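Reading through the structure tokens given below for one structure.
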Amino acid sequence: MNILGIETSCDETSAAVVQNGRVASNIISSQLIHKTYGGVVPELASREHERLIVSVVDSAVNEANIQKNDLDVIAATAGPGLIGAVMVGLCFAQGLAYALGKPLVPVNHIEAHIFSGFIQEDPGHQAPEKNFISLTVSGGHTMLCVVDNNLRYRVIGRTIDDAAGEAFDKTGKMLGLDYPAGPVIDRLAREGDPTFHEFPRALTSQSRTSKSYRDNFDFSFSGLKTSVLNYLNNHEPAYIEKHRTDIAASIQEAIVGVLVEKTVAAAVKHDIRSVSVAGGVSANSGLRKKMEEACQRHGIRLFIPKAVYSTDNAAMIATLADLKLSRGLVTPNNYDVAPFASFAYC
Ligand code: KG4
Ligand code: ZN
């Protein structure tokens, strides 16, 4: 069974082939054009996807050592994402599926992130058999869910303002770092002191303003942004330059601290012993380390994708299509595009 996955929801043009549950190829072309603008420009993203999609898909098929005719299923992101960008990948997938006479499976991008901790490069999925807590942290989403073994999920917390990736990117921009600043802060933080300055951690045990923080799994990062801005405005440029790595490490510590505290608290409250962390921010080395330590302390099994599957990639799109098809949970050729995801609520 060969499944071609296509991902074009933001600024990565990606195609992958999953062959009998194993990733046979995963081509990712990151659009560098947005760097000049300090963020993703939607129209430019759509045009770049259009320019790259044919060669990226060809490379994925070639690297998997198959022909297009060997594909059994085409899977593509149908949202959420930049709608023009999603349309490029989905329409291409639609055309290819029609030309090959193969079914098209629409995939929810965030759902694909949720299950990316289970991507296998060896034959066979390590499909989740038990309930798990999922933390999805990307540039646009920060979300805690309880996922059951029928792949159904219930959102128990989400950001009320900025996403975790956005907090990295925006505070990094204040520090003069290029977009996306998350990986740069990660690099700088390795050289810095995370206890240098205590930035606020909203809705946690540190904030104490919220009496019910223990049962509150929502996130808020806009206060951190303001706090970093005030901190930078209140210190001399030379001092900031000297302590650049310490400030980066302190920002990372604040974001990571919130993510770890809430995820572990959710697992304890729901008496669930497996946690999965996914999305671009799950590539963060500080988050990986702190989450591993906290999970170990609480006897929780942790699933985190390899860094290449943390950020946007098509392997996760094909993998989720495979998981759902194998469990009869998806109807091919039945889809609509959506800029926003609809999620299940308790
Ligand atoms: O999942 P993703 O690739 O795209 C979205 O769906 O948003 O996530 C991108 C986000 C960006 O905000 C980027 O700064 C952040 O993930 N990111 C990181 C790291 N690598 C990517 N944040 C912190 N540390 C990293 N190593
Ligand atoms: Zn994503």
Filter result for the condition that a residue is assigned to a helix (DSSP H, G or I) and away from ligand 2 (no atom under 16 Å from the Cβ), over 275, 281, 268: 268
Selection status of residue 228, buried (at least 17 other Cβ atoms within 10 Å of the Cβ) and closer than 20 Å to residue 282 by Cα: no
Tally of residues being surrounded by fewer than 21 Cβ atoms within 10 Å (Cβ to Cβ), in contact (Cβ under 8 Å) with a residue 24 or more places away in the chain and more than 22 Å from the chain's Cα centre (by Cα) across the range 242-271: 7
Any hit, the range 317-328, residues being at negative phi, at pLDDT 85 or above, part of a loop (DSSP other than H, G, I, E, B) and in contact with a helix residue (DSSP H, G or I) (Cβ under 9 Å, 6 or more places away or on another chain): no
Condition broken by residue 239, with the remaining ones in (1) within 16 Å of ligand 2 (Cβ to nearest atom); (2) aromatic (Phe, Trp, Tyr); (3) over 21 Å from the mean Cα position of the chain (by Cα) satisfied: (1)
Members of the range 154-192 that are hydroxyl-bearing (Ser, Thr, Tyr), within 16 Å of ligand 2 (Cβ to nearest atom) and either outside any loop (DSSP other than H, G, I, E, B) or touching a Pro at 6+ places or on another chain (Cβ under 6 Å) (or both): 159
From 249, 278, residue being in contact with a Pro (Cβ under 7 Å, 6 or more places away or on another chain), within 13 Å of ligand 1 (Cβ to nearest atom) and more than 25 Å from residue 118 (Cβ to Cβ): 249
For residue 72: the one exception among (1) of a type outside the set (A, V, I, L, M, F, W, C); (2) touching an Asp or Glu at 6+ places or on another chain (Cβ under 9 Å); (3) away from ligand 2 (no atom under 16 Å from the Cβ): (2)
Checking residue 232 against (1) more than 26 Å from the chain's Cα centre (by Cα); (2) assigned to a loop (DSSP other than H, G, I, E, B), the condition it does not meet: (2)
Condition met for residue 286 (assigned to a loop (DSSP other than H, G, I, E, B) and more than 16 Å from ligand 2 (Cβ to nearest atom)): no
Where residue 93 falls short, out of the listed (1) over 30 Å from residue 243 (Cα atoms); (2) within 14 Å of the chain's Cα centre (by Cα): (2)
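The values are calculated or read from the model by the stated rules, or taken from the named source; none is laboratory data. All values reported here derive from a predicted model rather than from experimental measurement. Backbone-built Cβ (ideal geometry, glycine too); neighbour counts: all protein chains shown.
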